[in-house]
Structures are given as structure tokens and as C-alpha cells.
1. Report yes if some residue within segment 33-46 is of a type outside the set (S, T, N, Q) and modelled with pLDDT under 85; otherwise report no.
2. For segment 60-83, enumerate the residues that are closer than 11 Å to W128 by Cβ and loosely packed, with under 14 Cβ neighbours inside 10 Å.
3. Out of everything in segment 48-73 that is of a type in the set (A, V, I, L, M, F, W, C) and not in a helix (DSSP H, G or I), what residue ends up being modelled with the highest pLDDT?
4. Hey, could you check segment 107-161 for residues that are of a type in the set (D, E) and modelled with pLDDT of 90 or more and say which is farthest from M79 (Cα to Cα)?
5. If you take the residues of segment 258-295 that are surrounded by 13 or more Cβ atoms within 10 Å (Cβ to Cβ) and β-branched (V, I, T), which of them is nearest to H156 (Cα to Cα)?
6. Of everything in segment 32-47, what is surrounded by 14 or more Cβ atoms within 10 Å (Cβ to Cβ) and either part of a helix (DSSP H, G or I) or acidic (D, E) (or both)? Give them in sequence order.
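The values are calculated or read from the model by the stated rules, or taken from the named source; none is laboratory data. Treat the numbers as computed from the prediction; the structure is a model and nothing was measured. FYI the Cβ positions are ideal-geometry reconstructions off the backbone, even for glycines, and counts take in every protein chain you see.
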Amino acid sequence: MNNVTARTSSSWKPMMGTQSSERSLFSYSVNLDKRVRPDNPLRRFAAVLDLDWVRREVAGCYGKKGNISVDPVVLVKMMLLLFLDNVPSERELMEVIAERMDYLWFLGYGLDDEIPNHSVLSKARARWGKELFEQIFTRTVLQCIRAGLVGNERLHLDSSVIKASASKDSVIQAPPELVNAIRAAYREQENKLEEPDSKSVNAMHVSTTDPDATLGRGGGDPRTQLCYKNHRAVDDTQGVITAVKTTTGQAGDAQQVPDLLAKHEQHTGTWPNIAVGDQHYGSAENYRYCQSHGITTHLKPCKSGMDIQKVFGPERFEYDESGPI
């Protein structure tokens, strides 16, 4: 009983594991290195990706005794595969790893090695904290800058709707007090799973299965659905993402511009020359914000229901021959 208590204590920390690069690539006479084709994209990643610093950054999250964890570098590589190939879930990722020789090779596993449970990823995220992942993102952007992949001339602003894994049938309409109670109960249970909490819920509507998701539209689908939004700033030179922000599905795109541009400046060390966005971004506040930082605005005016041509028709302007061409 004392052993069980000690292991579940909040002060208990597992030992940090280190994946050996010398592990045998042979199993049942199969050489994984030869099985992965020379032009496999993962070979290019493996050749340039240096994540040894991750172990140093998270060393304080691990203890000196107890079970040995999965190597932090391997965990980061797993998360990279999750988004690189758009795998639907962490659970499915672990199933796919066991079936793909290039994944096994990239992670340093052999054919007969046991693949860890998907829960190791969520536990690692909770143990490491948000700051580490911000460091990974920032380091990635800096490496792209050093490689000449970020020109900082033109920055595109856009968002994607991410459908929540919850049915609209789970949505109920309720007074704010009940919504807050459901949210609090959900987060109490969520904390037991060591999952991060970072989003809010609608004031009068809530999903009983995923209270953090909100009702919204987008992504080319006119129907209202439970969703989140991923907002990003993309440098035009090589398509490098320099800033990201995740919100609920009801969050407006225009309101995210100051944060995205400020994060871009923080990550790259300078403001872009031009900001580009569609009709969701062209608000008066964003025009003023961009101009105050010397950014030229290529933002289509937000839909306002008025005919711009009638408000600012040609007859409202006078030609000045002495002005600049």
C-alpha cells in the first residue's frame, strides 16, 4: 500500500529515458535502414533535426528513481509525425507506428519493440508545460530564418476551422450558471487525465461531452458545428508559419491580428512589411494597428453591408498632378 501511495503522490517523478541510437535495426533478417527508400521525407528530417536540447530542457520534470519514461526526443518526434501526416488522433498514431517501417526507423524502434500507449503523449504535455512547446516552435522559426526561408516581406493571415470530436446532439441551451457548472465539472475530470485546459465555452450553449468546443461556421461548410479555430501567420517566401494561436470556434478572425503580428515580431525580431488578409481581417482597428507599426495593409475590408463604391465613389476624389506617381 505504501508503494502505491508513493507512486501516485504528486511529488513522484519518473526517470527520464534516453532512446539509444545504437539499437539494432535488424529483426527477422530485416534491415529497416535499407527498407526506407532514399527519397523518403523522413530521411531529410532525420539528417537535419537536432532535438537533443529537449532532454536538457525537461530534465527537471523527471526524477532519479522509478520507472524509466519514453525518451523525450522520441515523444517530440511522435508529435511531429502526428501533424506532419495529419494523423486523426494520438491513439491512431500509435497503431500506425507499429505498421510503418519508416516511422519505426525515424523513431529508433525495431520491428519487435513495443510501442508505448498513446497516453504517454498527453502525460508528457502536462508534465512539460506550455512553455516548452513555445520554445520548440520559436527554435524552429529561428532555424528557418537562419536558413534564409523567411523573407519578412509579405505575411499572410488566415485561420482554419477544426471540427471538435463531439456531436451537435450534445449541445444544450442553458443559463450561464448551469453552463459554468458543467464546465467546472468537466475540467475537474479533465485534470485527472493530465490534459491541458486552454479554451472557454459559449455563454448560453454548451456541449455536455466537449464543453470547450463552441458553435461556429467555416472551412467551406455553411453548417454550424462544434469546433475550434487555428489562426496563423505565414511568411510568403517559403510558406513558413511564424505565429499561431488557437481559439474557440466563435472567435472572430479580425480580433486575432494584433496577437499574430506581435508574435511574429517576437519570433523573427522584426515586423513584416506587408500584411495580407481576406474580408475577415480588414477592420478599422487592424488598419490602425498595422499603420502604427509601419506595416502596409493588404486587407480586404470586413463585410459591413454597405456599398463601398457608393460611399467613396470617384467623384469624392481630386487628381493631384504634383503628387507622387
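1. No, that holds for no residue.
2. G60
3. The qualifying residue modelled with the highest pLDDT is V70.
4. Checking each candidate, the answer is E153.
5. So the residue we want is V276.
6. Within segment 32-47, L32, R35, L42, R43, F45, A46 qualify.
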